[in-house]
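Heads up: the structure comes next, in structure tokens.
The values are calculated or read from the model by the stated rules, or taken from the named source; none is laboratory data. For clarity, every value in this text was computed on a predicted model and none was experimentally measured. With ideal geometry, Cβ positions are generated from the backbone for all residues, glycine too; neighbour counts draw on all protein chains shown. Surface areas here come from the heavy atoms of the whole protein model, side chains and all, with no ligands, DNA or RNA. Shrake-Rupley method; radii C 1.70, N 1.55, O 1.52, S 1.80 Å.
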Amino acid sequence: MKNDSRPKIGLALGAGSARGLAHIGVLQELEKLNIPIDYIAGTSMGALVGSLYSVGIDPEMISKLALNLSSGSWTDWSIPKKGLIAGDKIEQMLKILTKGKSFDQTNIPFKVVATDITNGDCVVIDEGPIYKGVRASISIPGIFKPVEYLNRVLVDGAVVERVPISIVKKMGADIVIAVDVTSFKKDAQVNNIFSVLMQTFGIMEDQLLRYKIIDYDVIIKPNVAEIDSMQFDKVEEGVVAGKKAVQEKADEILKLLDGGGKA
């Protein structure tokens, strides 16, 4: 198949907090299979991982960065008026990691999803500095302070678009590979404000996707139920889960590529 005739592939990377570490393994395995990615859309943790990949950081390096990242490097506690974490530290970190690039400077076309908390709008960000868009997309309500950007008050995109399938479809993808890493744990221990909030959002997001019309070609669902939402030290477990999930769908993805899309 000639490169100019192959179907364009879009990757929709979903929300999931620490479970989103599985996105790294997904990218590693897709590269191993020589699956080209033409478009990326990300929500929350999917936006963060997708942003690094879109500016040219390879998945192995993203994994190393995650392994060496301490919580103190991105958490700046604030007086809880609008959020427990101010978010200035992680914004500066994102600026460095994305090399200060804007959305029109990425190696792969890239968009992120946020939510306007004032009116419930789904906000697709594809202009301006990448770090600003990602900072908005990861702003879990109650945990991160909302971002005032683009004349809006923005929080986590997962509130309205947990896995941005429709976004990457609109970008021009012929084949959409969706990665769903949200999995709320039944009988979970909810003994602090973080676990209460994250378990609540997990349940909400599960219901949101369940009743939403979705149009993907392949869905990858890493088994990340045993990773709690705030366990960002579980990098290796997340990466392994992502790799395994892609391996299970490898034949399906390759068949789609050979067939030019859906039958």
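So which residues in segment 51-91 are under 18 Å from TYR149 (Cβ atoms) and modelled with pLDDT of 95 or more, if there are any at all?
Residue satisfying the conditions is SER51 alone.
Given the conditions (1) more than 15 Å from GLY242 (Cβ to Cβ); (2) in a helix (DSSP H, G or I); (3) open to solvent by 10 Å² or more (accessible area, probe 1.4 Å); (4) polar (S, T, N, Q), which single one is not true for GLN28?
(1)
Yes or no, residue by residue, for (1) open to solvent by less than 70 Å² (accessible area, probe 1.4 Å); (2) at pLDDT 95 or above; (3) over 30 Å from LEU84 (Cβ atoms):
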residue	(1), (2), (3)
MET198	yes, no, no
LEU208	yes, no, no
ILE220	yes, yes, yes
ALA225	yes, no, no
VAL239	yes, yes, no
GLU248	no, yes, yes
ILE253	yes, no, yes
GLY261	yes, no, yes
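Is it fair to say THR106 is open to solvent by less than 10 Å² (accessible area, probe 1.4 Å) and either under 14 Å from the mean Cα position of the chain (by Cα) or at pLDDT 95 or above (or both)?
No.
Among what's in segment 114-152 and is of a type in the set (A, V, I, L, M) and modelled with pLDDT of 95 or more, pick the residue that is nearest to the chain's Cα centre (by Cα).
VAL134
For segment 54-67, indicate whether the set of residues that are touching a Lys or Arg at 6+ places or on another chain (Cβ under 7 Å), in a loop (DSSP other than H, G, I, E, B) and not aliphatic (A, V, I, L, M) is non-empty.
no
Could you look through segment 113-168, keep only residues that are under 27 Å from ASP215 (Cα atoms) and acidic (Asp, Glu), and pick out the one that is surrounded by the most Cβ atoms within 10 Å (Cβ to Cβ)?
ASP156
I'd like the full set of residues that are closer than 19 Å to ILE175 by Cα and of a type in the set (A, V, I, L, M), limited to segment 239-256.
ALA245, VAL246, ALA250, ILE253, LEU254, LEU256
Tell me which of these GLY202 doesn't satisfy, since it passes every other one: (1) open to solvent by 10 Å² or more (accessible area, probe 1.4 Å); (2) over 24 Å from LEU65 (Cβ atoms); (3) modelled with pLDDT under 90.
(1) is the only condition that GLY202 fails.
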